[in-house]
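This report refers to the structure that appears directly beneath it.
The values are calculated or read from the model by the stated rules, or taken from the named source; none is laboratory data. Note that the structure is predicted; figures quoted are calculated from it, not measured. Note that each Cβ is placed from the backbone with ideal geometry, even for glycine, and that neighbours are counted across all protein chains shown.
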Amino acid sequence: MTTKRAVIVGAGAAGLSTAEDLRDRGWTGEIILIGAEPHPPYDRPPLSKQLLAGDEEFEFVQLAPPESYEKRDIDLRLDTKVIRLDTENKSVHLTGGETIVYDALVIATGVEARTIAAAEGIAGVSTLRTYENAINIRAHMKRGQHIVIVGAGFIGLEAAATAIKKGCVVDVVEPAPSALLGKFPTELARRIEGTHLMKGVRFHYGQVVEDWNVREGQIESVTLSDGRRLRADAALVGIGTVPAVAWLEDSGLEIANGIVCDSQGRAAQDVYAVGDVANWFHPLLGGNQRIEHRLSASEQAQMVAAVLTDTDIAHLDLPFFWTDQYEEKWQSYGYIHGDSEMEIVLDDVDANRLVALLRRNGRTEAVIGKNAAKQLIPYRRELRNAAVPFQN
Ligand SMILES: Cc1cc2nc3c(=O)[nH]c(=O)nc-3n(C[C@H](O)[C@H](O)[C@H](O)COP(=O)(O)OP(=O)(O)OC[C@H]3O[C@@H](n4cnc5c(N)ncnc54)[C@H](O)[C@@H]3O)c2cc1C
(Lines give C-alpha, C1' and ligand atoms only; values in the text may rest on other atoms or scores of the structure.)
Protein backbone atom coordinates (compact mmCIF):
# COMPACT_ATOMS: atom_id res chain seq x y z
CA MET A 1 0.00 0.00 0.00
CA THR A 2 1.45 3.36 -1.01
CA THR A 3 0.26 6.81 -0.15
CA LYS A 4 2.46 8.24 -2.85
CA ARG A 5 0.98 10.63 -5.37
CA ALA A 6 1.54 10.22 -9.10
CA VAL A 7 0.89 13.33 -11.16
CA ILE A 8 0.56 12.94 -14.91
CA VAL A 9 0.66 16.07 -17.06
CA GLY A 10 -1.08 15.67 -20.43
CA ALA A 11 -4.32 13.73 -20.80
CA GLY A 12 -3.80 12.15 -24.20
CA ALA A 13 -3.15 8.53 -25.10
CA ALA A 14 0.17 8.36 -23.26
CA GLY A 15 -1.11 10.12 -20.14
CA LEU A 16 -4.20 7.96 -19.89
CA SER A 17 -2.25 4.73 -20.49
CA THR A 18 0.15 5.69 -17.71
CA ALA A 19 -2.72 6.36 -15.30
CA GLU A 20 -4.57 3.15 -16.16
CA ASP A 21 -1.48 1.02 -16.09
CA LEU A 22 -0.26 2.42 -12.81
CA ARG A 23 -3.56 1.50 -11.22
CA ASP A 24 -3.73 -1.91 -12.90
CA ARG A 25 -0.19 -2.68 -11.78
CA GLY A 26 -1.03 -1.96 -8.17
CA TRP A 27 -0.29 1.73 -7.53
CA THR A 28 -2.51 2.39 -4.52
CA GLY A 29 -1.73 6.06 -4.03
CA GLU A 30 -3.36 9.04 -5.67
CA ILE A 31 -3.25 9.39 -9.45
CA ILE A 32 -3.91 12.88 -10.80
CA LEU A 33 -4.21 13.22 -14.58
CA ILE A 34 -4.13 16.81 -15.81
CA GLY A 35 -5.15 17.83 -19.34
CA ALA A 36 -5.27 21.21 -21.05
CA GLU A 37 -8.09 20.25 -23.41
CA PRO A 38 -11.76 20.35 -22.37
CA HIS A 39 -12.24 16.70 -23.41
CA PRO A 40 -11.35 13.50 -21.61
CA PRO A 41 -8.51 11.59 -23.32
CA TYR A 42 -9.22 10.71 -26.96
CA ASP A 43 -7.52 8.97 -29.83
CA ARG A 44 -5.89 11.09 -32.55
CA PRO A 45 -5.30 8.67 -35.46
CA PRO A 46 -9.02 8.60 -36.40
CA LEU A 47 -9.06 12.42 -36.60
CA SER A 48 -7.57 12.33 -40.10
CA LYS A 49 -9.33 9.09 -41.04
CA GLN A 50 -12.74 7.87 -39.83
CA LEU A 51 -13.74 11.05 -38.00
CA LEU A 52 -12.97 13.24 -40.99
CA ALA A 53 -14.64 10.80 -43.38
CA GLY A 54 -17.84 10.06 -41.47
CA ASP A 55 -20.27 11.83 -39.20
CA GLU A 56 -19.13 10.32 -35.93
CA GLU A 57 -18.96 12.43 -32.79
CA PHE A 58 -16.73 12.53 -29.74
CA GLU A 59 -17.75 9.11 -28.36
CA PHE A 60 -16.11 7.55 -31.41
CA VAL A 61 -12.65 8.78 -30.43
CA GLN A 62 -12.81 8.80 -26.63
CA LEU A 63 -10.33 6.35 -25.14
CA ALA A 64 -12.18 5.39 -21.97
CA PRO A 65 -15.83 5.55 -20.90
CA PRO A 66 -16.49 8.47 -18.51
CA GLU A 67 -17.27 6.18 -15.57
CA SER A 68 -13.92 4.40 -15.82
CA TYR A 69 -12.05 7.29 -14.17
CA GLU A 70 -14.02 6.96 -11.00
CA LYS A 71 -13.81 3.18 -11.13
CA ARG A 72 -10.03 3.26 -11.32
CA ASP A 73 -9.89 6.19 -8.91
CA ILE A 74 -8.14 8.48 -11.37
CA ASP A 75 -8.52 12.16 -10.54
CA LEU A 76 -9.00 13.62 -14.04
CA ARG A 77 -8.64 17.39 -14.24
CA LEU A 78 -9.59 18.82 -17.61
CA ASP A 79 -9.28 22.32 -19.08
CA THR A 80 -6.27 22.73 -16.81
CA LYS A 81 -2.86 23.72 -18.02
CA VAL A 82 0.37 23.10 -16.14
CA ILE A 83 2.59 26.12 -16.53
CA ARG A 84 5.67 25.27 -14.51
CA LEU A 85 7.65 22.40 -13.06
CA ASP A 86 9.67 22.84 -9.88
CA THR A 87 11.81 19.71 -9.49
CA GLU A 88 13.40 20.95 -6.27
CA ASN A 89 10.08 21.15 -4.45
CA LYS A 90 8.63 18.28 -6.52
CA SER A 91 5.63 20.30 -7.60
CA VAL A 92 3.78 21.53 -10.67
CA HIS A 93 2.03 24.88 -10.99
CA LEU A 94 -1.32 25.19 -12.74
CA THR A 95 -3.00 28.15 -14.39
CA GLY A 96 -5.16 29.71 -11.70
CA GLY A 97 -2.43 29.50 -9.09
CA GLU A 98 -2.80 25.97 -7.74
CA THR A 99 0.34 23.98 -6.93
CA ILE A 100 0.36 20.20 -6.77
CA VAL A 101 3.11 18.24 -5.10
CA TYR A 102 4.13 14.89 -6.58
CA ASP A 103 6.05 11.83 -5.55
CA ALA A 104 6.31 10.72 -9.17
CA LEU A 105 5.72 12.97 -12.16
CA VAL A 106 5.00 11.68 -15.66
CA ILE A 107 5.06 14.21 -18.48
CA ALA A 108 2.85 13.30 -21.44
CA THR A 109 2.20 16.67 -23.07
CA GLY A 110 2.63 15.47 -26.64
CA VAL A 111 3.28 17.86 -29.48
CA GLU A 112 1.60 20.88 -30.97
CA ALA A 113 0.90 21.34 -34.65
CA ARG A 114 3.31 23.73 -36.35
CA THR A 115 1.46 26.77 -37.63
CA ILE A 116 1.99 29.51 -40.21
CA ALA A 117 1.81 32.94 -38.61
CA ALA A 118 0.31 34.62 -41.71
CA ALA A 119 -2.60 32.15 -41.72
CA GLU A 120 -3.48 32.33 -38.04
CA GLY A 121 -6.97 33.59 -37.25
CA ILE A 122 -8.30 33.12 -40.79
CA ALA A 123 -11.61 31.25 -40.79
CA GLY A 124 -11.41 28.05 -42.80
CA VAL A 125 -7.68 27.54 -42.19
CA SER A 126 -6.80 24.90 -39.64
CA THR A 127 -4.17 22.47 -38.46
CA LEU A 128 -5.23 18.89 -37.65
CA ARG A 129 -4.22 17.95 -34.14
CA THR A 130 -7.37 18.19 -32.00
CA TYR A 131 -10.95 16.98 -32.11
CA GLU A 132 -12.10 20.56 -32.75
CA ASN A 133 -9.69 20.87 -35.69
CA ALA A 134 -11.12 17.71 -37.27
CA ILE A 135 -14.75 18.81 -36.79
CA ASN A 136 -13.91 22.21 -38.21
CA ILE A 137 -12.21 20.79 -41.34
CA ARG A 138 -14.93 18.17 -41.78
CA ALA A 139 -17.56 20.89 -42.03
CA HIS A 140 -15.79 22.18 -45.16
CA MET A 141 -15.25 18.82 -46.83
CA LYS A 142 -18.32 18.78 -49.06
CA ARG A 143 -18.69 17.76 -52.71
CA GLY A 144 -17.26 20.37 -55.03
CA GLN A 145 -15.45 22.31 -52.32
CA HIS A 146 -11.83 23.22 -53.01
CA ILE A 147 -9.49 22.15 -50.25
CA VAL A 148 -5.87 23.30 -50.18
CA ILE A 149 -3.54 21.17 -48.08
CA VAL A 150 -0.20 22.64 -47.15
CA GLY A 151 2.30 19.84 -46.50
CA ALA A 152 2.59 16.44 -48.16
CA GLY A 153 3.28 14.48 -44.98
CA PHE A 154 1.19 11.61 -43.63
CA ILE A 155 -1.52 13.77 -42.09
CA GLY A 156 -1.84 15.97 -45.18
CA LEU A 157 -2.07 12.95 -47.44
CA GLU A 158 -4.59 11.16 -45.25
CA ALA A 159 -6.74 14.28 -45.25
CA ALA A 160 -6.29 14.57 -49.04
CA ALA A 161 -7.53 11.00 -49.49
CA THR A 162 -10.58 11.67 -47.32
CA ALA A 163 -11.36 14.94 -49.12
CA ILE A 164 -11.16 13.23 -52.52
CA LYS A 165 -13.48 10.46 -51.33
CA LYS A 166 -15.96 13.16 -50.34
CA GLY A 167 -15.87 14.71 -53.80
CA CYS A 168 -13.69 17.73 -53.03
CA VAL A 169 -11.14 19.27 -55.35
CA VAL A 170 -7.78 18.85 -53.62
CA ASP A 171 -4.54 20.77 -54.09
CA VAL A 172 -1.47 19.81 -52.07
CA VAL A 173 1.19 22.49 -51.75
CA GLU A 174 4.63 21.27 -50.69
CA PRO A 175 7.95 23.14 -50.64
CA ALA A 176 9.96 19.91 -51.07
CA PRO A 177 10.29 18.27 -54.50
CA SER A 178 8.21 15.21 -53.52
CA ALA A 179 5.75 13.81 -50.97
CA LEU A 180 6.81 12.20 -47.65
CA LEU A 181 10.39 13.25 -48.22
CA GLY A 182 12.62 11.80 -45.50
CA LYS A 183 9.64 10.08 -43.87
CA PHE A 184 9.21 7.06 -46.11
CA PRO A 185 11.44 5.26 -48.65
CA THR A 186 11.45 7.22 -51.91
CA GLU A 187 10.10 4.39 -54.07
CA LEU A 188 7.18 3.75 -51.70
CA ALA A 189 6.44 7.45 -51.32
CA ARG A 190 6.28 7.63 -55.10
CA ARG A 191 3.73 4.81 -55.13
CA ILE A 192 1.58 6.58 -52.55
CA GLU A 193 1.80 9.76 -54.58
CA GLY A 194 0.83 7.75 -57.69
CA THR A 195 -2.38 6.60 -56.02
CA HIS A 196 -3.22 10.20 -55.11
CA LEU A 197 -2.56 11.39 -58.66
CA MET A 198 -4.80 8.64 -60.02
CA LYS A 199 -7.57 9.75 -57.67
CA GLY A 200 -7.24 13.34 -58.83
CA VAL A 201 -5.10 15.11 -56.21
CA ARG A 202 -3.04 17.94 -57.70
CA PHE A 203 0.45 18.35 -56.24
CA HIS A 204 2.34 21.64 -56.31
CA TYR A 205 5.92 20.83 -55.36
CA GLY A 206 8.61 23.40 -54.69
CA GLN A 207 5.91 25.87 -53.69
CA VAL A 208 4.88 27.73 -50.57
CA VAL A 209 1.82 29.85 -49.96
CA GLU A 210 2.88 33.46 -50.43
CA ASP A 211 -0.54 35.02 -49.82
CA TRP A 212 -3.60 33.87 -47.95
CA ASN A 213 -6.44 35.70 -49.69
CA VAL A 214 -9.42 36.36 -47.48
CA ARG A 215 -12.97 37.62 -47.99
CA GLU A 216 -14.85 38.76 -44.87
CA GLY A 217 -12.41 36.90 -42.63
CA GLN A 218 -12.82 33.61 -44.51
CA ILE A 219 -10.12 32.03 -46.70
CA GLU A 220 -10.98 32.34 -50.37
CA SER A 221 -7.77 31.44 -52.23
CA VAL A 222 -4.03 31.10 -51.81
CA THR A 223 -1.28 32.52 -54.00
CA LEU A 224 1.70 30.24 -54.54
CA SER A 225 5.31 31.34 -54.83
CA ASP A 226 5.17 30.94 -58.62
CA GLY A 227 2.25 33.40 -58.69
CA ARG A 228 -0.54 30.92 -59.37
CA ARG A 229 -3.74 31.34 -57.40
CA LEU A 230 -5.66 28.32 -56.10
CA ARG A 231 -9.26 28.51 -54.95
CA ALA A 232 -9.48 27.50 -51.29
CA ASP A 233 -12.86 27.06 -49.62
CA ALA A 234 -10.77 25.69 -46.76
CA ALA A 235 -7.11 25.04 -46.10
CA LEU A 236 -5.35 22.52 -43.90
CA VAL A 237 -1.86 23.23 -42.63
CA GLY A 238 -0.02 19.93 -42.05
CA ILE A 239 3.60 20.97 -41.74
CA GLY A 240 4.76 18.98 -38.75
CA THR A 241 4.82 19.39 -35.01
CA VAL A 242 6.79 20.79 -32.11
CA PRO A 243 7.10 19.10 -28.70
CA ALA A 244 4.95 20.78 -26.03
CA VAL A 245 7.79 21.76 -23.70
CA ALA A 246 7.52 25.57 -23.43
CA TRP A 247 6.31 25.22 -19.82
CA LEU A 248 9.52 23.36 -18.90
CA GLU A 249 11.87 26.18 -19.84
CA ASP A 250 13.26 26.78 -16.34
CA SER A 251 12.70 23.24 -15.05
CA GLY A 252 16.29 22.09 -15.41
CA LEU A 253 15.21 19.09 -17.53
CA GLU A 254 17.31 18.44 -20.59
CA ILE A 255 15.29 19.51 -23.60
CA ALA A 256 16.59 18.55 -27.02
CA ASN A 257 13.96 17.53 -29.56
CA GLY A 258 11.56 16.87 -26.68
CA ILE A 259 12.44 15.71 -23.17
CA VAL A 260 15.64 13.69 -23.08
CA CYS A 261 15.10 10.42 -21.19
CA ASP A 262 16.99 7.23 -20.46
CA SER A 263 15.78 3.87 -21.81
CA GLN A 264 13.13 3.67 -19.08
CA GLY A 265 11.70 7.12 -19.65
CA ARG A 266 13.49 8.78 -16.73
CA ALA A 267 14.22 12.48 -17.29
CA ALA A 268 15.26 13.43 -13.74
CA GLN A 269 14.82 12.13 -10.18
CA ASP A 270 11.15 11.00 -9.99
CA VAL A 271 10.35 12.65 -13.33
CA TYR A 272 9.49 10.62 -16.43
CA ALA A 273 8.28 11.44 -19.92
CA VAL A 274 6.23 9.32 -22.31
CA GLY A 275 4.65 9.61 -25.75
CA ASP A 276 5.25 12.17 -28.50
CA VAL A 277 7.03 14.62 -26.18
CA ALA A 278 9.61 12.09 -24.97
CA ASN A 279 13.02 11.53 -26.51
CA TRP A 280 14.02 8.13 -25.13
CA PHE A 281 17.38 6.47 -25.32
CA HIS A 282 16.96 3.37 -27.41
CA PRO A 283 19.48 0.58 -26.80
CA LEU A 284 18.96 -0.84 -30.28
CA LEU A 285 19.82 2.47 -31.86
CA GLY A 286 22.57 3.33 -29.43
CA GLY A 287 21.05 6.79 -29.29
CA ASN A 288 17.94 8.81 -28.55
CA GLN A 289 14.82 8.90 -30.64
CA ARG A 290 11.53 10.74 -30.26
CA ILE A 291 8.72 8.71 -31.77
CA GLU A 292 5.34 10.15 -32.76
CA HIS A 293 3.41 6.89 -33.08
CA ARG A 294 0.25 5.93 -31.30
CA LEU A 295 1.44 2.52 -30.11
CA SER A 296 4.76 3.84 -28.82
CA ALA A 297 2.81 6.24 -26.62
CA SER A 298 1.00 3.35 -24.88
CA GLU A 299 4.08 1.20 -24.74
CA GLN A 300 6.25 3.83 -23.11
CA ALA A 301 3.44 4.55 -20.67
CA GLN A 302 3.30 0.88 -19.73
CA MET A 303 7.04 0.78 -19.20
CA VAL A 304 7.05 3.80 -16.93
CA ALA A 305 4.13 2.35 -14.98
CA ALA A 306 6.15 -0.87 -14.63
CA VAL A 307 9.17 1.03 -13.34
CA LEU A 308 7.08 3.00 -10.84
CA THR A 309 5.31 -0.09 -9.51
CA ASP A 310 8.36 -2.32 -9.77
CA THR A 311 6.48 -4.83 -11.89
CA ASP A 312 7.63 -6.68 -14.99
CA ILE A 313 7.24 -5.79 -18.60
CA ALA A 314 8.22 -8.26 -21.27
CA HIS A 315 9.89 -6.44 -24.08
CA LEU A 316 10.92 -3.17 -25.56
CA ASP A 317 9.20 -3.27 -28.91
CA LEU A 318 10.19 -1.50 -32.12
CA PRO A 319 8.36 1.53 -33.51
CA PHE A 320 5.18 0.65 -35.37
CA PHE A 321 2.87 2.94 -37.29
CA TRP A 322 0.22 2.79 -39.94
CA THR A 323 -1.39 5.11 -42.40
CA ASP A 324 -4.67 4.59 -44.26
CA GLN A 325 -5.12 6.30 -47.60
CA TYR A 326 -8.00 5.28 -49.90
CA GLU A 327 -8.09 1.47 -49.94
CA GLU A 328 -4.43 1.21 -48.98
CA LYS A 329 -3.42 0.36 -45.43
CA TRP A 330 0.31 0.86 -44.98
CA GLN A 331 2.12 -0.44 -41.92
CA SER A 332 5.71 0.07 -40.89
CA TYR A 333 7.61 -1.79 -38.17
CA GLY A 334 11.17 -0.98 -37.17
CA TYR A 335 13.50 1.90 -38.00
CA ILE A 336 13.39 3.80 -41.26
CA HIS A 337 16.70 5.52 -42.03
CA GLY A 338 17.41 7.77 -44.98
CA ASP A 339 20.31 5.57 -46.06
CA SER A 340 18.55 2.18 -45.81
CA GLU A 341 18.55 -0.08 -48.83
CA MET A 342 15.12 -1.32 -49.80
CA GLU A 343 14.18 -4.70 -51.21
CA ILE A 344 10.60 -5.32 -52.30
CA VAL A 345 9.97 -8.96 -51.42
CA LEU A 346 6.30 -9.07 -52.42
CA ASP A 347 4.63 -6.95 -55.06
CA ASP A 348 1.20 -8.33 -55.89
CA VAL A 349 -0.41 -5.80 -58.21
CA ASP A 350 -3.76 -7.62 -58.44
CA ALA A 351 -4.18 -7.69 -54.65
CA ASN A 352 -2.62 -4.20 -54.35
CA ARG A 353 -0.29 -5.74 -51.78
CA LEU A 354 3.38 -5.09 -51.11
CA VAL A 355 6.07 -6.01 -48.59
CA ALA A 356 9.45 -4.26 -48.48
CA LEU A 357 12.47 -4.79 -46.23
CA LEU A 358 14.81 -1.98 -45.26
CA ARG A 359 18.42 -2.90 -44.57
CA ARG A 360 21.58 -1.15 -43.44
CA ASN A 361 24.97 -2.81 -43.27
CA GLY A 362 23.33 -6.10 -44.18
CA ARG A 363 20.98 -5.95 -41.21
CA THR A 364 17.19 -5.74 -41.64
CA GLU A 365 15.93 -2.78 -39.62
CA ALA A 366 12.36 -2.35 -40.82
CA VAL A 367 9.58 -3.97 -42.74
CA ILE A 368 6.88 -2.03 -44.55
CA GLY A 369 3.68 -3.46 -45.96
CA LYS A 370 0.72 -2.26 -47.96
CA ASN A 371 -2.50 -4.22 -47.38
CA ALA A 372 -0.24 -6.92 -45.96
CA ALA A 373 -0.89 -7.16 -42.21
CA LYS A 374 -0.83 -10.97 -42.39
CA GLN A 375 2.24 -11.15 -44.59
CA LEU A 376 4.18 -8.88 -42.22
CA ILE A 377 3.76 -11.19 -39.21
CA PRO A 378 6.84 -13.41 -39.78
CA TYR A 379 9.04 -10.41 -40.58
CA ARG A 380 7.83 -8.58 -37.52
CA ARG A 381 8.53 -11.63 -35.38
CA GLU A 382 12.06 -11.85 -36.74
CA LEU A 383 12.72 -8.15 -36.13
CA ARG A 384 11.23 -8.29 -32.65
CA ASN A 385 13.39 -11.26 -31.69
CA ALA A 386 16.44 -9.15 -32.45
CA ALA A 387 15.23 -6.40 -30.09
CA VAL A 388 16.81 -5.79 -26.68
CA PRO A 389 14.77 -7.02 -23.69
CA PHE A 390 13.55 -4.33 -21.32
CA GLN A 391 15.56 -4.28 -18.09
CA ASN A 392 13.45 -3.27 -15.14
C1 LIG B 1 -4.44 13.57 -37.17
C2 LIG B 1 -3.48 12.58 -36.58
C3 LIG B 1 -3.38 11.30 -37.15
C4 LIG B 1 -2.48 10.38 -36.63
N5 LIG B 1 -2.42 9.13 -37.21
C6 LIG B 1 -1.56 8.21 -36.72
C7 LIG B 1 -1.49 6.90 -37.29
O8 LIG B 1 -2.18 6.59 -38.25
N9 LIG B 1 -0.63 6.01 -36.74
C10 LIG B 1 0.17 6.34 -35.66
O11 LIG B 1 0.94 5.48 -35.21
N12 LIG B 1 0.11 7.57 -35.09
C13 LIG B 1 -0.73 8.51 -35.60
N14 LIG B 1 -0.79 9.76 -35.01
C15 LIG B 1 0.10 10.07 -33.87
C16 LIG B 1 -0.54 9.66 -32.55
O17 LIG B 1 -1.84 10.13 -32.46
C18 LIG B 1 0.32 10.20 -31.41
O19 LIG B 1 1.54 9.49 -31.44
C20 LIG B 1 -0.33 10.06 -30.03
O21 LIG B 1 -1.52 10.78 -29.97
C22 LIG B 1 0.62 10.56 -28.95
O23 LIG B 1 -0.03 10.63 -27.72
P24 LIG B 1 0.49 11.58 -26.53
O25 LIG B 1 -0.41 11.27 -25.40
O26 LIG B 1 1.94 11.46 -26.41
O27 LIG B 1 0.24 13.06 -27.06
P28 LIG B 1 -1.11 13.84 -27.36
O29 LIG B 1 -2.11 12.91 -27.94
O30 LIG B 1 -0.72 15.04 -28.16
O31 LIG B 1 -1.64 14.30 -25.92
C32 LIG B 1 -1.00 15.31 -25.17
C33 LIG B 1 -2.02 16.06 -24.36
O34 LIG B 1 -1.34 16.88 -23.44
C35 LIG B 1 -2.01 18.12 -23.36
N36 LIG B 1 -1.07 19.15 -22.86
C37 LIG B 1 -0.05 19.74 -23.54
N38 LIG B 1 0.60 20.63 -22.75
C39 LIG B 1 -0.03 20.61 -21.56
C40 LIG B 1 0.17 21.30 -20.32
N41 LIG B 1 1.16 22.17 -20.18
N42 LIG B 1 -0.68 21.05 -19.30
C43 LIG B 1 -1.68 20.15 -19.43
N44 LIG B 1 -1.91 19.45 -20.57
C45 LIG B 1 -1.09 19.67 -21.61
C46 LIG B 1 -2.45 18.37 -24.78
O47 LIG B 1 -3.49 19.34 -24.82
C48 LIG B 1 -2.90 16.98 -25.19
O49 LIG B 1 -4.24 16.78 -24.90
C50 LIG B 1 -1.68 10.72 -35.53
C51 LIG B 1 -1.77 12.01 -34.96
C52 LIG B 1 -2.66 12.92 -35.48
C53 LIG B 1 -2.75 14.31 -34.89
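I'd like the full set of residues that are buried (at least 17 other Cβ atoms within 10 Å of the Cβ) and either part of a helix (DSSP H, G or I) or of a type in the set (A, V, I, L, M, F, W, C) (or both), limited to the stretch 272-283.
Of the residues in the stretch 272-283, the ones buried (at least 17 other Cβ atoms within 10 Å of the Cβ) are 272-280, 282.
If the condition is that a residue be buried (at least 17 other Cβ atoms within 10 Å of the Cβ) and either part of a helix (DSSP H, G or I) or of a type in the set (A, V, I, L, M, F, W, C) (or both), then ALA273, VAL274, GLY275, ASP276, VAL277, ALA278, TRP280 are the ones that fit.
Filter the stretch 43-76 down to residues that are touching a residue at least 60 places away in the same chain (Cβ under 8 Å) and under 21 Å from VAL304 (Cβ atoms), then give me how many there are.
3
Can you find a residue that is closer than 19 Å to PRO46 by Cα, within 13 Å of the ligand (Cβ to nearest atom) and surrounded by fewer than 17 Cβ atoms within 10 Å (Cβ to Cβ) anywhere in the stretch 297-317?
Taking every residue of the stretch 297-317 in turn, none turns out to be closer than 19 Å to PRO46 by Cα, within 13 Å of the ligand (Cβ to nearest atom) and surrounded by fewer than 17 Cβ atoms within 10 Å (Cβ to Cβ).
Give the number of residues within the stretch 226-240 that are surrounded by fewer than 24 Cβ atoms within 10 Å (Cβ to Cβ), part of a loop (DSSP other than H, G, I, E, B) and over 20 Å from the mean Cα position of the chain (by Cα).
Selection size over the stretch 226-240: 4.
Restricting the search to the stretch 13-39, which residues are within 15 Å of the ligand (Cβ to nearest atom), surrounded by fewer than 24 Cβ atoms within 10 Å (Cβ to Cβ) and not aliphatic (A, V, I, L, M)?
Within the stretch 13-39, GLU20, ASP21, GLU37, PRO38, HIS39 qualify.
Out of all the residues in the stretch 38-58, which are in contact with an Asp or Glu (Cβ under 7 Å, 6 or more places away or on another chain), of a type outside the set (Lys, Arg) and assigned to a loop (DSSP other than H, G, I, E, B)?
PRO38
Might you check whether a residue that is assigned to a strand (DSSP E or B), surrounded by fewer than 19 Cβ atoms within 10 Å (Cβ to Cβ) and not charged (D, E, K, R) occurs anywhere in the stretch 170-188?
no
Yes or no: the stretch 121-132 includes at least one residue that is more than 16 Å from the ligand (Cβ to nearest atom), assigned by TED's automatic domain parsing to the domain that holds THR223 and within 28 Å of LEU248 (Cβ to Cβ).
Taking every residue of the stretch 121-132 in turn, at least one turns out to be more than 16 Å from the ligand (Cβ to nearest atom), assigned by TED's automatic domain parsing to the domain that holds THR223 and within 28 Å of LEU248 (Cβ to Cβ).
Picking from GLU158, GLU88, GLU120, GLU70, which residue would you name as being closer than 28 Å to THR323 by Cα and surrounded by fewer than 18 Cβ atoms within 10 Å (Cβ to Cβ)?
Result: GLU120 is the single residue among GLU158, GLU88, GLU120, GLU70 that is closer than 28 Å to THR323 by Cα and surrounded by fewer than 18 Cβ atoms within 10 Å (Cβ to Cβ).
So, in the stretch 241-251, of the ones that are surrounded by 14 or more Cβ atoms within 10 Å (Cβ to Cβ) and assigned to a loop (DSSP other than H, G, I, E, B), which residue ends up farthest from the ligand (Cβ to nearest atom)?
SER251
Please give the strands (runs of 3 or more DSSP E) falling wholly within the stretch 99-160 in which 1 or more residues are of a type outside the set (Asp, Glu) and under 20 Å from GLU56 (Cβ atoms). Spell out the reasoning first.
Values: elements: 99-101, 104-107, 111-113, 146-150.
The strands (runs of 3 or more DSSP E) meeting that bar are 146-150.
Rundown of residues vs (1) within 14 Å of the ligand (Cβ to nearest atom); (2) closer than 19 Å to ALA14 by Cα; (3) small (Gly, Ala, Ser); (4) in contact with a Lys or Arg (Cβ under 9 Å, 6 or more places away or on another chain), yes/no style:
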residue	(1), (2), (3), (4)
GLU57	no, no, no, no
GLN62	yes, yes, no, no
PRO66	no, yes, no, no
TYR69	no, yes, no, no
ASP73	no, yes, no, yes
ARG84	yes, no, no, no
LEU105	yes, yes, no, yes
